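Enquirer: Quick one: structure below, then a few questions.
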Amino acid sequence: MSETIDLKLHVWRQSGPKDKGAFADYSKHAKGISTHASFLEMLDVVNERLVAEGEAPIAFDHDCREGICGMCGAVINGVPHGHRKQTTTCQLHMREFQNNAEVYVEPFRAGSFPIIQDLVVDRSSFDTIIQAGGYVSVRTGSAPDANEIPIPKQISDRAMDAAQCIGCGACVAACPNASASLFLSAKLAHLNLLPQGQPERYRRTRQMVLAHDQAGFGGCTNHRECEAACPKGISTDFIARMNRDVLVASLTDKDGELI
Amino acid sequence: MQGVLTLTRSTIGQKAIVAVTGVILFGFVIGHLTGNLILLAGPEAYNAYAAALKGNAPLLWGTRITLLTSVILHIVFTMQLAKRNASARPNAYQKPRKDLVTTYAARSMVLTGPLLAAFIAFHLAHFTVPGIGINGVFDPHNPYANLVQDFRVWYVSAIYIFANILLGLHLWHGGWSAAQSIGAQHPKYDALKMRLAAGLALFVACGNVFIPIAVQTHIIGSSEQLAESRALVAAEQAEEE
Ligand code: HEM
Ligand code: FES
């Protein structure tokens, strides 16, 4: 039994990076949407109708559609990934919307996330940050014995919490300063907490933080909007942990550099 | 060298400097208020306290230099960070981004900060150098009377009350934020830390708002006390001569 709803749908259309862009009204195309559809499936339906009319479909990023890859993402009525907590855009379902709801869909906006087209933004600045982190010292020969390196349960749990980050960029989109601190701190914590990440810990911290700043992201002012918008509920506690590591890296010689 | 540069060049290092200087200033305003509450003990005690502070040159100048350095670093780095943050999203949201959890105090830091700077300048001119008597002559030997006579003017009291509400807002976010910025975070102490920061911000704001109100309502500085303070200062000066 499938119910359907109509939406008053407004989607950001922008033909390319240089185009000014504007909201387009697709209420006509967003009628009779199944409440079982995901948000992206709703956009698929609208796109089919647009294509049938000979219009260009709305460009949006997606891959797994099961909330694990981090490709999807749009700001829906002012909230990255929409109003449902800890949910990616692909996992947001239309039953979360009222019939005749006004829905505004916009790309993640930040100077470091230039818009490619419509809802698609270039998040390669995240890759630059990851690359700046360099390597970790792990053996890549034959598989090591299980539990060869003892790791306390609480530590591995916290590292896994940090490793949940799917790098979607919602934290940047949600931050009043367009800071990527939550992403940055999650990536740092998941290595910095584990024994395998220790040898390069402080050097990695410093390099990734500098890469973050060079990419033009803002700084953290502790609004915690990122944590509220994060589809994985990553905690801003990781930001405090990162700040501590930056101070240690700056004020001691633990990173191997002489102060 | 790399390391120290990370401190002054990275957003996190700069924010840590803002936090440390903010905590120094926070500590000072707590001490400043606690000392000023001696007002409640009457003119003799208050003027004696003020004279003791002024007579202790290492304490006086140590504090002045620390505060001046802190305020300058605090302002320089917050302005640098604020400028960067304001330009990090050149393509603004067309349908405004919704705030989910942030507070008014947090959003208004870049506003309350500069307003506090303006107030601090006024406050120093008012009671320190040169000292401005808004309601009567300013007497450097009688801080009790300077304060009481001017706080009897409603708009002087209003300025101090308003500024200290701003200070309360600044510290409401600032206390917790500073701890986060220097990485003082532990799940065990988080709730305690937040309550402590909020409690101290409330103490500072309420205490500082209380003083002008108390003068206006004659809880502090009755006409007899005002006369007493002037008589004491006059007697002291006669003795010196
Ligand atoms: C009585 C004086 C002051 C005290 C006690 C104080 C305290 C603080 C504290 C504790 C913080 C938090 C630091 C952090 O989050 O890391 C802070 C942040 C800040 N302060 Fe102050 N401050 C004072 C004066 C000023 C002045 C005069 C200005 C500006 C002209 C200013 C502007 C700021 C700004 C812009 C921030 C950063 C806000 C943010 O990160 O969102 N403050 N202050
Ligand atoms: S498409 Fe993979 S997380 Fe949404």
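The values are calculated or read from the model by the stated rules, or taken from the named source; none is laboratory data. These figures come from a predicted structure and were not determined experimentally. As a convention, Cβ positions derive from the backbone with ideal geometry for all residues, glycine included, and neighbour counts pool all protein chains shown. With ligands, DNA and RNA removed, areas are computed over all heavy atoms of the protein, side chains included. Shrake-Rupley method; radii C 1.70, N 1.55, O 1.52, S 1.80 Å.
Enquirer: What about B:Leu39, is it within 30 Å of B:Ala227 (Cα to Cα) and surrounded by 15 or more Cβ atoms within 10 Å (Cβ to Cβ)?
Expert: Details: within 30 Å of B:Ala227 (Cα to Cα): yes; surrounded by 15 or more Cβ atoms within 10 Å (Cβ to Cβ): yes.
For B:Leu39, the condition - within 30 Å of B:Ala227 (Cα to Cα) and surrounded by 15 or more Cβ atoms within 10 Å (Cβ to Cβ) - is met.
Enquirer: Which residues, taken from the stretch A:201-228, are of a type in the set (A, V, I, L, M, F, W, C) and either facing another protein chain (nearest Cβ under 9 Å) or part of a loop (DSSP other than H, G, I, E, B) (or both)?
Expert: Here is the first cut: in the stretch A:201-228, the residues of a type in the set (A, V, I, L, M, F, W, C) are A:208-211, A:215, A:217, A:220, A:226, A:228.
Hits for the stretch A:201-228 are A:Val209, A:Leu210, A:Ala215, A:Phe217, A:Cys220, A:Ala228.
Enquirer: Something else about it: Quick check: anything in the stretch A:168-183 outside the structural domain of A:Arg109 (by TED's automatic domain parsing) and farther than 30 Å from B:Asn91 by Cβ? If you could, list the steps in order and put the result at the bottom.
Expert: To start, the set of residues in the stretch A:168-183 that are outside the structural domain of A:Arg109 (by TED's automatic domain parsing) comprises A:168-183.
Adding the requirement that they be farther than 30 Å from B:Asn91 by Cβ leaves none.
Scanning the stretch A:168-183 turns up no residue that is outside the structural domain of A:Arg109 (by TED's automatic domain parsing) and farther than 30 Å from B:Asn91 by Cβ.
Enquirer: Please go through the stretch A:89-104 and give me each residue that is surrounded by 18 or more Cβ atoms within 10 Å (Cβ to Cβ) and away from chain B (no Cβ under 14 Å), ordered by number. Even if it seems obvious, please write down each step before you answer.
Expert: Step one: filter the stretch A:89-104 for residues surrounded by 18 or more Cβ atoms within 10 Å (Cβ to Cβ), giving A:89-94, A:97, A:103-104.
Once the filter is applied, which keeps residues that are surrounded by 18 or more Cβ atoms within 10 Å (Cβ to Cβ) and away from chain B (no Cβ under 14 Å), the stretch A:89-104 yields A:Thr89, A:Cys90, A:Gln91, A:Leu92, A:His93, A:Met94, A:Phe97.
Enquirer: Has the stretch B:28-46 got at least one residue that is farther than 30 Å from B:Val233 by Cα, at pLDDT 95 or above and of a type in the set (Val, Ile, Thr)? Step through it out loud before you land on a result.
Expert: Within the stretch B:28-46, the first condition is being farther than 30 Å from B:Val233 by Cα, and the residues that meet it are none.
Looking for residues that are farther than 30 Å from B:Val233 by Cα, at pLDDT 95 or above and of a type in the set (Val, Ile, Thr), one finds none in the stretch B:28-46, hence no.
Enquirer: Can you give me the number of residues within the stretch A:169-182 that are open to solvent by less than 10 Å² (accessible area, probe 1.4 Å) and either more than 13 Å from chain B (Cβ to nearest Cβ) or away from ligand 1 (no atom under 16 Å from the Cβ) (or both)?
Expert: Residues in the stretch A:169-182 being open to solvent by less than 10 Å² (accessible area, probe 1.4 Å) and either more than 13 Å from chain B (Cβ to nearest Cβ) or away from ligand 1 (no atom under 16 Å from the Cβ) (or both): 5 in total.
Enquirer: Another one. What is the residue count in the stretch A:229-238 for residues that are more than 7 Å from every other protein chain (Cβ to nearest Cβ) and part of a helix (DSSP H, G or I)?
Expert: The first filter runs over the stretch A:229-238 and keeps only residues more than 7 Å from every other protein chain (Cβ to nearest Cβ), leaving A:230-236, A:238.
Keeping just the survivors that are part of a helix (DSSP H, G or I) gives A:238.
Within the stretch A:229-238, residues that are more than 7 Å from every other protein chain (Cβ to nearest Cβ) and part of a helix (DSSP H, G or I) number 1.
Enquirer: Here is a further query. Read through the list (1) modelled with pLDDT under 95; (2) within 14 Å of chain A (Cβ to nearest Cβ), then give the number of the only condition that B:Val137 fails.
Expert: Answer for B:Val137: the failing condition is (2).
Enquirer: Tell me whether the stretch A:50-58 contains one or more residues that are within 14 Å of chain B (Cβ to nearest Cβ), at pLDDT 95 or above and away from ligand 1 (no atom under 16 Å from the Cβ).
Expert: Applying the first criterion (within 14 Å of chain B (Cβ to nearest Cβ)) to the stretch A:50-58 yields none.
Among the residues of the stretch A:50-58, not one is within 14 Å of chain B (Cβ to nearest Cβ), at pLDDT 95 or above and away from ligand 1 (no atom under 16 Å from the Cβ), which makes the answer no.
The rows are residues; the columns are (1) assigned to a helix (DSSP H, G or I); (2) within 14 Å of another protein chain (Cβ to nearest Cβ); (3) buried (at least 19 other Cβ atoms within 10 Å of the Cβ).
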residue	(1), (2), (3)
B:Gly183	no, yes, yes
B:Lys193	yes, yes, no
B:Leu200	yes, no, no
B:Phe203	yes, no, no
B:Val209	yes, no, yes
B:Pro212	yes, no, yes
B:His218	no, no, no
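Enquirer: Please pick out the residue among A:Pro17, A:Pro107 that is open to solvent by 60 Å² or more (accessible area, probe 1.4 Å) and on the phi < 0 side of the Ramachandran plot. Break it down stepwise before answering.
Expert: Working: A:Pro107 fails: open to solvent by 60 Å² or more (accessible area, probe 1.4 Å).
Of the residues listed, the single one that is open to solvent by 60 Å² or more (accessible area, probe 1.4 Å) and on the phi < 0 side of the Ramachandran plot is A:Pro17.
Enquirer: On to the next question. Just checking, does the stretch B:111-132 include any residue being under 24 Å from A:Ile239 (Cβ atoms) and touching a residue at least 24 places away in the same chain (Cβ under 8 Å)?
Expert: The initial filter retains those residues of the stretch B:111-132 that are under 24 Å from A:Ile239 (Cβ atoms), namely B:111-113.
From what's left, touching a residue at least 24 places away in the same chain (Cβ under 8 Å): B:112-113.
Looking for residues that are under 24 Å from A:Ile239 (Cβ atoms) and touching a residue at least 24 places away in the same chain (Cβ under 8 Å), one finds at least one in the stretch B:111-132, hence yes.
Enquirer: Just one of B:Leu124, B:Leu111 is in a helix (DSSP H, G or I), within 14 Å of chain A (Cβ to nearest Cβ) and open to solvent by 80 Å² or more (accessible area, probe 1.4 Å); which is it? Spell out the reasoning first.
Expert: Numbers: B:Leu124 fails: within 14 Å of chain A (Cβ to nearest Cβ).
Sole residue among the options that is in a helix (DSSP H, G or I), within 14 Å of chain A (Cβ to nearest Cβ) and open to solvent by 80 Å² or more (accessible area, probe 1.4 Å): B:Leu111.
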